[in-house]
Amino acid sequence: SKTAKQQHDIEQQKVNCYAYDVSFPGSNLAPAITGSDRTSYNSNYFLGNDPQKWASNVANYKTLTYAGIYSGVDIRFSSTEGHLKYDFIVAAGTDPAGISMKYSGLKSIELLEGKLILDAGFMTISEAIPYAYQEKEGMRVEIKCEFILDGNVVRFAFPEGYDSRYKIVIDPVVIASTYS
């Protein structure tokens, strides 16, 4: 049995945490995943009681790419200046309207001045207005891109259109507004 002081010490050591889930409705359930920019360190995962599910000496990468998450669409995850970054790379001739992200585990989700605001309870996360571009003849040409929110599903819109002959890169930045 724990003393009152031991219980108090345990309470003081608790760490608030948050988790939410983003899924990709209608996506390929088994995209090819590759890592690049391998780090100099590895990780170990000893979770649960089943040693068959443990992993040790697991390589870490700064960038992960899920190729073919949708037909003609890859998604690349990375960390930039301490912020999670993801880019959708949409092949020429592919309609980006098929991309959707379904959020769950959040207190609320809303659009505010074009930014996606995710309320995880004690922490607010925002995704900046997406920057999108196409490379045409060696030049990066910005195309206007916006979030579209339908309940807890987020899509992208291009109100001024785009040139379907060139690939599109959709490049939002996730920003945690509270230290975590």
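The values are calculated or read from the model by the stated rules, or taken from the named source; none is laboratory data. None of these values were measured; they are calculated from a predicted model. A quick note on method: Cβ atoms are made from the backbone with ideal geometry, for glycine too, and the neighbour counts reach across all protein chains shown. The area values use the complete protein model at the heavy-atom level, side chains included, leaving out ligands, DNA and RNA. Shrake-Rupley method; radii C 1.70, N 1.55, O 1.52, S 1.80 Å.
If you go through segment 120-142 and keep only what is farther than 19 Å from Ser100 by Cα and surrounded by 12 or more Cβ atoms within 10 Å (Cβ to Cβ), you end up with Ala120, Gly121, Met123, Thr124, Gln134, Glu135, Val141. When you scan segment 156-173, how many residues do you find that are crowded, with 16+ Cβ neighbours inside 10 Å and either β-branched (Val, Ile, Thr) or assigned to a strand (DSSP E or B) (or both)? Total satisfying the criteria: 6.
For segment 38-83: of the residues being in contact with a Leu (Cβ under 8 Å, 6 or more places away or on another chain) and in a strand (DSSP E or B), which is surrounded by the most Cβ atoms within 10 Å (Cβ to Cβ)? That would be Arg76.
Quick check on Leu116: is it modelled with pLDDT under 95, assigned to a strand (DSSP E or B) and either open to solvent by 30 Å² or more (accessible area, probe 1.4 Å) or in contact with an Asp or Glu (Cβ under 6 Å, 6 or more places away or on another chain) (or both)? For Leu116, the condition - modelled with pLDDT under 95, assigned to a strand (DSSP E or B) and either open to solvent by 30 Å² or more (accessible area, probe 1.4 Å) or in contact with an Asp or Glu (Cβ under 6 Å, 6 or more places away or on another chain) (or both) - is met.
Each row is one residue, and each column tells you yes or no for (1) surrounded by 10 or more Cβ atoms within 10 Å (Cβ to Cβ); (2) closer than 30 Å to Ile69 by Cβ; (3) under 17 Å from the mean Cα position of the chain (by Cα); (4) at pLDDT 90 or above.
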residue	(1), (2), (3), (4)
Ser1	no, no, no, no
Ile10	yes, no, no, no
Gln13	no, no, no, no
Ala19	no, yes, yes, no
Phe24	yes, yes, yes, yes
Leu29	no, yes, yes, no
Gly35	yes, yes, yes, yes
